[in-house]
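*Asks:* My questions all concern the structure below.
The values are calculated or read from the model by the stated rules, or taken from the named source; none is laboratory data. Please read all numbers here as calculations on a predicted model, not as lab measurements. Heads up, the Cβs are rebuilt from the backbone with ideal geometry, glycines too, and the neighbour counts pull from every protein chain shown.
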C-alpha cells in the first residue's frame, strides 16, 4: 500500500471517528438558539451558529457521520449491482452482453439530476428525514451503477479471454468453477477500485442536491445543505468554509485511497 | 502669467463640460426575465409590466405612495351611480411619442381592443363583470364614456393598468404616451428605453419630464449576479431585495438601502381540506377542525419568525390584507397570539391528548403531518424549520418537505396529495375583487378546498355571499364593510394561517436623486419621471 493511501485512509478514519464521538451533540444539531442566530465562533460554539441559531460544529459532525456512512453504503450497493450486471454480461457475452451494453449506454445518457428530482418528488411526504436521505442515496445507487458496470464488464471479458482461463478450460474445468475460482477472485481489485471511485461521486451528488435544497429535509444537516451558507457572497465568513474544506478533504482522500485496478493476464 | 494659468485651466475644463452636456443620463436596472410582450394589453408577467409602467400612458394612475387616484391623461372622470358607466374628460394637446395627436378616439380604440375576446387580454378579465360587450361613446375629441353590462367594482382603479394605444399612428404599439419609449430590444440581453420627446408632463418650473434620458433594463435571471452588479455600480437599483441581502448591503453601503415599511407580501400556510384528497380520514378530520388550525396557529412564534428569518424587516401578519393596503386593511384584526397554553386548551377541547410529549387525537392516532414548500427559498425553509420546533412544544411532529416548484404545484393543484403547504402571497391589486378567485368556494384558487360545488361550511357560504355582495356594490364604504367581515371570518376560522408580512426592501444607488421607495409595485421607480441621476464623467467618478 502506498504511503499516500495510508495517509488518506487515516484521515478518513479520523474524520469518521470524530463524527462518531460527537454522538452527544446529536440533539444540539437541530436545537435553535434563537437569541443568537448567526453568532461568531466562541468557546460554546467553535464554528458559531447558523442563521437559525443552530450549532454549526454539531451540525457538521452530524452531517459527516451521515455522509461517511451512507455514501459508502450506497456506493457498495451500486458496485454490487454493477458487478452482477457487468460481470454476467462480460462473462457470458453474446445477446445478453449486447443488451446490457445498450442499457448501460442508456443509463449513462440519462440526466441523473432530473431523474433524482422526479424520483424524490414521488417519495412519501411523511418519511422521517433519515429515511428520505437513505432513499436519496438508494436512488443514487440505482442510477449510479452503469459507469462501474461498463468497467467491470470489460474486466470480466478480459479475464474470460485470459491465458489462465483458457488453460483452465483446456484442462476440463467447468464454467461455474472458472467463474467462482478464477474470474471472481481476480475481479476483486477492480471491484474495490470501483467502490472507492464511486463513493466521492455520490458524496458530490448529494452535495449538489443539498445545494439546491433537495437533500435531507429539515432539521437534518448534510454536507450539501451546509454548503448553502456560501451562496451569498457578501455574508460569507471564514468558519462557513469549514464544511467545504471537509468535503474537499474527504473526496480527495477517497480518490487517493483508491487501490490500483490492474488485472492479471 | 496668472491670467495665462487660469485660461489654461478653463480650456482644460471645456472638453469635460461639453462631454457632460452631451452625455445623456442613464438609469440601469435588471428585469428578472425576458418580457413576454410589448403589447400593453397583453401584459401578463412582471418584466412586461415594468416596460408597460415605464412606457404606457394611462387615464388614471394610482399614486403608489398615497394610494389615491391621480388624473393623468384624463383631467377628470365620473362613475354613474350604478357603477356601470365611466365618463372621462381628456387632457387636450397631448401627443404620442411619434407626434400623433391623442384624442378620445384613441381611448375608444384601446377599450374596444382591450375588451375584444379575440385579444385575450389578461387586463380585460378584471373589467368583465358580465358577458355583454361594453359600449363606448365618443361625444367630443376630449370626452369619452364606457358603459359596461353590469356594475364593475372599483371601476376607475382598473384604468391604472390600461395603457392607451394610438388608433391612427403607423407605429402602432410603438407609439406611446408614457415617459419613455422602447428604443431597442436585444433579446436575452437588454431593453433600452429613451425619453419620450412628446411626454406631456412638466415639473413645477416648466421643465419637461422625465429628467433621466435613458433607461437600460438588463435581462438577468440570476439574483446573485444582479446583486454583484449593484455592488459594482453597474446597475442603479434593485426593486426588491430579501432581508439577508438588505442587511449585507446596509453593512457595506448604508446609504444604498431603504426599508419602506410593510409591503403587500405575506407568508402563509394552510391545511389540505380537499374532500378529494387521498389523505387518511382522521387527518382530514384534524385539518377541518377550526380548533386544531387555531391551536397550530397559536403555537407558532411569529415574532421570532420576523426577528430571526427576516432580521426584523417583517411583522406578524394580521390576515389576508396587509396594512400596506391602506383602505382595505381591517385595522381591528390582530395577529393570532403566540400562546402555547391557549393552543393546548384548544386541542384538549377538541379531544386531543398529550402522552409522553406526543399529541394524540381522540382515536389514538399520533399527530404528525408534513409541510411542503418550494425548494430553494431559504426564508421559507427557515420558517418551516422554526415552525417544526414550535410545534414540538404542543406535541406535534412536523415533517418539512422541500419540493421543486412543478412538483409542489402538481400536489396542491392537481393531485391534492399533501397535508399542509407553506407559500407566499402577494396581492398586487389592492381591490378585493381581484381576490374573488381565492375566496369563492367554487374557485380554483380557494387553496384549502378548491372547486367546491357548494360551500362545505357555513362560514365559507357567508364569505361567498359577502364577496359577491361587495363585487356588485358601488359605494366603497359599503364594500369595505363587507370585506372587513370577510377578513374577520378568515381570521377566526383560520383556513390560511397568515404568518408574517414582509417589509418592502429596496436597494438604490445614492447617485439616484428624488427616490422615495414605497410598498407598492414598482417600489423603487414608481416616480420614474422625477428621478434624477447626475451625469458622472470619468474624472468626477
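*Asks:* Kindly indicate which of B:440, B:430, B:425 is in contact (Cβ under 8 Å) with a residue 60 or more places away in the chain and over 28 Å from residue A:213 (Cα atoms).
*Replies:* B:430
*Asks:* From A:133, A:159, which residue is touching a helix residue (DSSP H, G or I) at 6+ places or on another chain (Cβ under 8 Å), within 14 Å of another protein chain (Cβ to nearest Cβ), surrounded by 18 or more Cβ atoms within 10 Å (Cβ to Cβ) and outside any loop (DSSP other than H, G, I, E, B)?
*Replies:* A:133
*Asks:* Please go through region B:239-263 and give me each residue that is within 9 Å of chain A (Cβ to nearest Cβ) and either touching a helix residue (DSSP H, G or I) at 6+ places or on another chain (Cβ under 8 Å) or within 16 Å of residue B:64 (Cβ to Cβ) (or both), ordered by number.
*Replies:* B:244, B:245, B:249, B:252, listed by residue number.
*Asks:* Let me spell it out: the conditions are (1) part of a helix (DSSP H, G or I); (2) in contact (Cβ under 8 Å) with a residue 60 or more places away in the chain; (3) touching a strand residue (DSSP E or B) at 6+ places or on another chain (Cβ under 7 Å); (4) closer than 30 Å to residue B:470 by Cβ, and residue B:86 meets all of them except one. Which number is the exception?
*Replies:* (1)
*Asks:* Another question, if that's okay. Identify all residues within region A:27-75 that are part of a loop (DSSP other than H, G, I, E, B), away from chain B (no Cβ under 14 Å) and touching a helix residue (DSSP H, G or I) at 6+ places or on another chain (Cβ under 6 Å); write none if there are none.
*Replies:* Residues satisfying the conditions are A:41, A:46, A:47, A:48.
*Asks:* Take residues that are within 14 Å of chain A (Cβ to nearest Cβ) and buried (at least 22 other Cβ atoms within 10 Å of the Cβ) and tell me which of the helices (runs of 4 or more DSSP H) falling wholly in region B:347-442 contain 3 or more.
*Replies:* Result: B:378-392.
*Asks:* Let me ask something additional. Would you check which residues across region A:199-215 are surrounded by 20 or more Cβ atoms within 10 Å (Cβ to Cβ), under 19 Å from residue A:240 (Cβ atoms) and at the interface with chain B (Cβ under 10 Å from one of its Cβ atoms) and list them?
*Replies:* Matches in region A:199-215: A:213, A:215.
*Asks:* Given the options B:501, B:506, name the one that is under 27 Å from residue B:346 (Cα atoms) and in a strand (DSSP E or B).
*Replies:* The unique qualifying residue is B:501.
*Asks:* Sticking with this one: Provide a single number: the residues in region B:266-299 that are over 16 Å from residue B:367 (Cα atoms) and within 14 Å of another protein chain (Cβ to nearest Cβ).
*Replies:* Qualifying residue count, region B:266-299: 2.
*Asks:* How about region B:254-279: which of its residues are in contact (Cβ under 8 Å) with a residue 60 or more places away in the chain and over 23 Å from the mean Cα position of the chain (by Cα)?
*Replies:* Once the filter is applied, which keeps residues that are in contact (Cβ under 8 Å) with a residue 60 or more places away in the chain and over 23 Å from the mean Cα position of the chain (by Cα), region B:254-279 yields B:255, B:271, B:272, B:273, B:274, B:275, B:276, B:277, B:278, B:279.
*Asks:* Separate question: On the given criteria, is residue A:113 assigned to a helix (DSSP H, G or I) and at the interface with chain B (Cβ under 10 Å from one of its Cβ atoms)?
*Replies:* no
*Asks:* Same structure again: Can you tell me which residue among B:338, B:327 is closer than 18 Å to residue B:496 by Cα, more than 11 Å from chain A (Cβ to nearest Cβ) and in a loop (DSSP other than H, G, I, E, B)?
*Replies:* Within the list B:338, B:327, the selection yields B:338.
*Asks:* Output yes when any residue across region A:238-250 is within 14 Å of chain B (Cβ to nearest Cβ) and either closer than 30 Å to residue A:88 by Cβ or assigned to a helix (DSSP H, G or I) (or both), and no when none is.
*Replies:* yes
*Asks:* Which ones in region A:102-132 are more than 23 Å from residue A:151 (Cα to Cα) and in contact (Cβ under 8 Å) with a residue 60 or more places away in the chain?
*Replies:* A:116, A:117, A:120, A:129, A:130, A:132
*Asks:* Go through region B:525-540 and report how many residues are closer than 22 Å to residue B:250 by Cα and at pLDDT below 95.
*Replies:* Going through region B:525-540 one residue at a time, the tally reaches 1.
*Asks:* Residues that are in a loop (DSSP other than H, G, I, E, B), more than 18 Å from residue A:98 (Cα to Cα) and either away from every other protein chain (no Cβ under 14 Å) or out of contact with any helix residue (DSSP H, G or I) (no Cβ under 6 Å at 6 or more places or on another chain) (or both): does region A:145-153 have at least one?
*Replies:* The answer is no, given that none of the residues of region A:145-153 is in a loop (DSSP other than H, G, I, E, B), more than 18 Å from residue A:98 (Cα to Cα) and either away from every other protein chain (no Cβ under 14 Å) or out of contact with any helix residue (DSSP H, G or I) (no Cβ under 6 Å at 6 or more places or on another chain) (or both).
*Asks:* When you go through (1) at pLDDT 95 or above; (2) surrounded by 20 or more Cβ atoms within 10 Å (Cβ to Cβ); (3) within 23 Å of residue B:427 (Cα to Cα) one by one for residue B:303, which number turns out not to apply?
*Replies:* Result: residue B:303 fails condition (2) only.
*Asks:* Now a separate question. What do you reckon, is residue B:427 out of contact with any strand residue (DSSP E or B) (no Cβ under 9 Å at 6 or more places or on another chain) and within 30 Å of residue B:405 (Cα to Cα)?
*Replies:* No: the conditions fail for residue B:427.
*Asks:* Touching a helix residue (DSSP H, G or I) at 6+ places or on another chain (Cβ under 8 Å), more than 14 Å from every other protein chain (Cβ to nearest Cβ), crowded, with 19+ Cβ neighbours inside 10 Å and in a helix (DSSP H, G or I): is that true of residue A:195 in this structure?
*Replies:* Here the answer is yes, as residue A:195 does meet what is asked.
*Asks:* Does residue A:138 satisfy the criteria of being more than 14 Å from chain B (Cβ to nearest Cβ), out of contact with any strand residue (DSSP E or B) (no Cβ under 9 Å at 6 or more places or on another chain), farther than 14 Å from residue A:215 by Cβ and part of a helix (DSSP H, G or I)?
*Replies:* Spelling it out, it is not the case that residue A:138 is more than 14 Å from chain B (Cβ to nearest Cβ), out of contact with any strand residue (DSSP E or B) (no Cβ under 9 Å at 6 or more places or on another chain), farther than 14 Å from residue A:215 by Cβ and part of a helix (DSSP H, G or I).
*Asks:* Quick check on residue B:461: is it free of Cβ contacts under 8 Å to residues at least 60 places away in the same chain, in a helix (DSSP H, G or I), within 25 Å of residue B:379 (Cβ to Cβ) and out of contact with any helix residue (DSSP H, G or I) (no Cβ under 8 Å at 6 or more places or on another chain)?
*Replies:* For residue B:461, the condition - free of Cβ contacts under 8 Å to residues at least 60 places away in the same chain, in a helix (DSSP H, G or I), within 25 Å of residue B:379 (Cβ to Cβ) and out of contact with any helix residue (DSSP H, G or I) (no Cβ under 8 Å at 6 or more places or on another chain) - is not met.
*Asks:* Among the listed residues A:187, A:230, which satisfies the condition of being within 14 Å of chain B (Cβ to nearest Cβ), modelled with pLDDT of 85 or more and either surrounded by fewer than 18 Cβ atoms within 10 Å (Cβ to Cβ) or part of a helix (DSSP H, G or I) (or both)?
*Replies:* Answer to the check: A:230.
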